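Have a look at the structure below, then the notes.
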Amino acid sequence: MKRGGGQLADGNDNISLLLNPGGLGGWASYQRHLRHLVCPAGFGCVGFKDRPGLMDFHGQPGQRARFMSIDFPRELLAPRVADLEDAARGRLVPGEALRLLMRQALELTHSPEALSPERTTQAAEQLLDMATLTLGGTRDATELAVKRGLSAARLRAIKAMMAAHASYGGLSVNWVAKRYGISPDYVRALFKRQGTSFTDHLLELRLQRAYRQLAGQRRGGRPIVDVAYSSGFNNLSWFYRAFRQRFGMTPKDARNGLSIQGNMGAFSSLLYR
């Protein structure tokens, strides 16, 4: 893949983060005044749209190299970075900001539905914040990025991980904090800023999982007790009480095809125990 004189004539001076989100293959970047940079999975480099360059994809037969390019207007990103030229001379190595940046970008590519204007603005700000931290921001830009973008990206990643492991009975705020190398109090604070709690979010995930299983099986499916345990509950009386309060029906009603009563979004906070 080449960007030569014909492409440079478009006047585009954006700054691109060229990323390898995974796969067995890789690629190398060649750009004027910068070093030859080989980028295996998890790494990346900076690309300047106003300079000629070449990308060489490589790998064994049958191996697919993955490539992602995220463009940022120069006037938005450059003032936030302490030394952009220095950052561009080396590879972008795997770190929390880069991993979260890749994760969010991939999530956006996997969500074809149009984002609302507000959500689009939020996503753009968060990507810009992650890029700032990845490249080494100025003091003020770093402080803003940590407070705004990093916290939002961490919470999004934590929620995704919780959704994937909601059925694990040992899932707790301490377990999550250890996996992400942060404190339990920090995890709680992330949820509190959104007006909820770690406990209530986990309970909601488990109740939704149980409801989907019951509603999908109807009569003759797995015993309700098995559904409760497989959804992450270890206390049946608590499961029945929480299910009724959340959906306005019993688990048996859900299996028998009753419709959910009331507003699905109106769920009073419950103390998980």
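Size of the range 112-219 from its Cα atoms: along the principal axes, largest to smallest, the extents are 60, 35, 23 Å.
Given a 1.4 Å probe and heavy atoms of the protein chains only, how would you sort ASP129, ASP83, largest accessible area at the top? The partial results should precede the final answer.
Numbers: ASP129 0, ASP83 80 Å².
Listed by decreasing accessible area, they come as ASP83, ASP129.
Partners of LYS147 within straight-line reach, counting lysines whose Cα lies under 23 Å from its Cα and excluding those fewer than 8 residues away in the same chain: LYS159, LYS178, LYS192.
Taken over the C-alpha atoms, the chain has Rg and Dmax values of 23.3, 71 angstrom.
With runs of 4+ DSSP H residues as the only contributors, calculate the mean residue ellipticity of the chain at 222 nm using -39,500 (n - 2.57) per run, divided by the residue total and rounded to the nearest 500. Helix-only estimate at 222 nm: -14000 deg cm²/dmol. Highest GNM mean-square fluctuation among ARG156, ARG35, ARG206, for the chain modelled with Cα contacts below 10 Å: ARG35.
How large a share of the accessible area of the range 9-141, in percent, is made up of carbon and sulfur atoms when the probe is 1.4 Å and the other protein chains stay in place? Don't skip to the end; give the middle numbers.
Values: 3600 of 6910 Å².
Carbon and sulfur: 52 percent of the exposed surface of the range 9-141.
In the range 47-169, how does Rg compare with the Kirkwood Rh, expressed as the Rg/Rh ratio over alpha carbon atoms? Kindly include the intermediate steps, with their values, before the conclusion.
Values: Rg = 16.3 Å, Rh = 16.3 Å.
Ratio value, two decimals: 1.00.
Of the whole protein surface, THR142 contributes about 40 Å² of accessible area at a 1.4 Å probe radius. Computed from point charges on the beta carbon alone (+1 for Lys and Arg, -1 for Asp and Glu), the dipole magnitude for the range 102-192 about its Cα centre is near 360 Debye.
Only four residue types carry charge here, +1 at the Cβ of Lys and Arg and -1 at the Cβ of Asp and Glu. Report the dipole size of the range 30-146 about the Cα centre in Debye, rounded to the nearest 20. Working shown, then result.
Values: 14 positive and 15 negative charges, 113 e Å.
Here the range 30-146 has a charge dipole of around 540 debye.
Given a cut-off of 16 Å, what percent of all Cα-Cα pairs of the range 157-197 lie beyond it? Don't jump to the answer; show the numbers that get you there.
On the way: 252 of 820 pairs.
Counting every Cα pair in the range 157-197, those more than 16 Å apart make up 31 percent.
May I ask you to derive the relative contact order of the chain, considering only C-alpha pairs under 8 Å and at least 6 residues apart, and to give it as an integer percent? Averaging sequence separation for qualifying contacts and normalising by length gives 12 percent for the chain.
The values are calculated or read from the model by the stated rules, or taken from the named source; none is laboratory data. Remember, it's a predicted structure, so these values are computed and weren't measured experimentally. Positions of Cβ are backbone-derived with ideal geometry, glycine not excepted, and every protein chain shown enters the neighbour counts. Heavy atoms of the whole protein, side chains included, go into the accessibility calculation; ligands, DNA and RNA do not. Shrake-Rupley method; radii C 1.70, N 1.55, O 1.52, S 1.80 Å.
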